[in-house]
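The values are calculated or read from the model by the stated rules, or taken from the named source; none is laboratory data. The model shown is predicted, which means the values in this text are computed figures rather than measured ones. Here the Cβ positions follow ideal geometry from the backbone for every residue, glycine too, while neighbour counts run over all protein chains shown. In case anyone asks, the SASA skips ligands and DNA or RNA and just uses the protein heavy atoms, side chains included. Shrake-Rupley method; radii C 1.70, N 1.55, O 1.52, S 1.80 Å.
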Protein chains: 2
Amino acid sequence: MIDPNADRAVFRQLADLLRDRILSGKLAPGEKLPSELRLTQEHGLSRTTVRQAMAILRSEGLVVVDRPRGTKVRTTEPTETVTLRKGDTASTRMPSPAERRDLDLAEGVPVVVITRADGSTELYPGDRTRVGR
Amino acid sequence: MIDPNADRAVFRQLADLLRDRILSGKLAPGEKLPSELRLTQEHGLSRTTVRQAMAILRSEGLVVVDRPRGTKVRTTEPTETVTLRKGDTASTRMPSPAERRDLDLAEGVPVVVITRADGSTELYPGDRTRVGR
DNA sequence: AGAGATTTGTCCGTATGTATT
DNA sequence: GAATACATACGGACAAATCTC
């Protein structure tokens, strides 16, 4: 359970608890998390604290908000493979808001940056891309 | 400036403003951002709103917190190249808190997951890794 | 040693808006 | 219209770490 006297912040403890449920499969992809109101009641917390926990899970890419139906466990997308040719390299980083919109990325999903041998670059959605050779 | 009546939320406008200063180089890597208190005063906002803006920049990997000295523009790290052999693939995602600690990652920095031809996987810090062939 | 200032972190409360069911 | 659920924004209070005098 959640211990207000523990070293770890309460909102982090709540995020840990929900993350465990997601990673263990108790909360399956597509399934709705308890609403913020329910979480405040079940754990005796303010809505601010609950929202901080949810923000962590969003930033980790574990959940997506389907407003105003609720917050759901993110479903895994089918991936396409991008092939690295000789001289190409790949890197990753978080997208800007504009890039997020262009690539239709959820919060907490990185972008893959392919740098071709000629110096040109291409951006790919991190949740739908694998890099191969 | 920041317009409370605009379509875009105030904290997003503030994040946009600071992001512009970072990406344009007006705020150089390693340099300190204005403190939260200063930002509340300069823009007439509550600390909650300022903190929401800062959270965006952290989640984008643009700034790191050096507490209690302040929040600074993230410096770029030298990268090592990981070589992809035949049958290997690479993907990316946000790390769990445990992985963040193990790899010493700042907020808003993804991990690179290398899946070798034999099925084994390796994790690398997204800000210090390039994938080549 | 100590006191005070600074800065971010954590937590609470309230209010209102917007979109969907 | 009512109920639900998340988003935005304000306010206050105290803690912890660091720096300055």
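Quick look at the values:
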| item | result |
| --- | --- |
| Breaking point among (1) open to solvent by 30 Å² or more (accessible area, probe 1.4 Å); (2) touching a Phe, Trp or Tyr at 6+ places or on another chain (Cβ under 8 Å); (3) within 23 Å of A:R128 (Cβ to Cβ), for B:E99 | (2) |
| Residue list for the stretch B:63-93, filter: open to solvent by less than 40 Å² (accessible area, probe 1.4 Å), within 14 Å of DNA strand C (Cβ to nearest atom) and within 13 Å of another protein chain (Cβ to nearest Cβ) | B:V63 |
| Matching residues in the stretch A:118-127 - criterion: being open to solvent by 70 Å² or more (accessible area, probe 1.4 Å) and not in a strand (DSSP E or B) | A:D118 |
| In the stretch B:37-58, the residues that are open to solvent by less than 90 Å² (accessible area, probe 1.4 Å) and more than 10 Å from DNA strand D (Cβ to nearest atom) | B:L39, B:M54, B:A55, B:L57, B:R58 |
| Residue check, A:L27 buried (at least 20 other Cβ atoms within 10 Å of the Cβ) and away from chain B (no Cβ under 13 Å) | yes |
| Residue pairs meeting the criteria (Cβ under 6 Å; at least 6 apart or on separate chains; first away from every other protein chain (no Cβ under 11 Å), in the stretch A:6-18; second open to solvent by 40 Å² or more (accessible area, probe 1.4 Å) and within 14 Å of DNA strand D (Cβ to nearest atom)) | A:V10/A:P4; A:F11/A:Q52 |
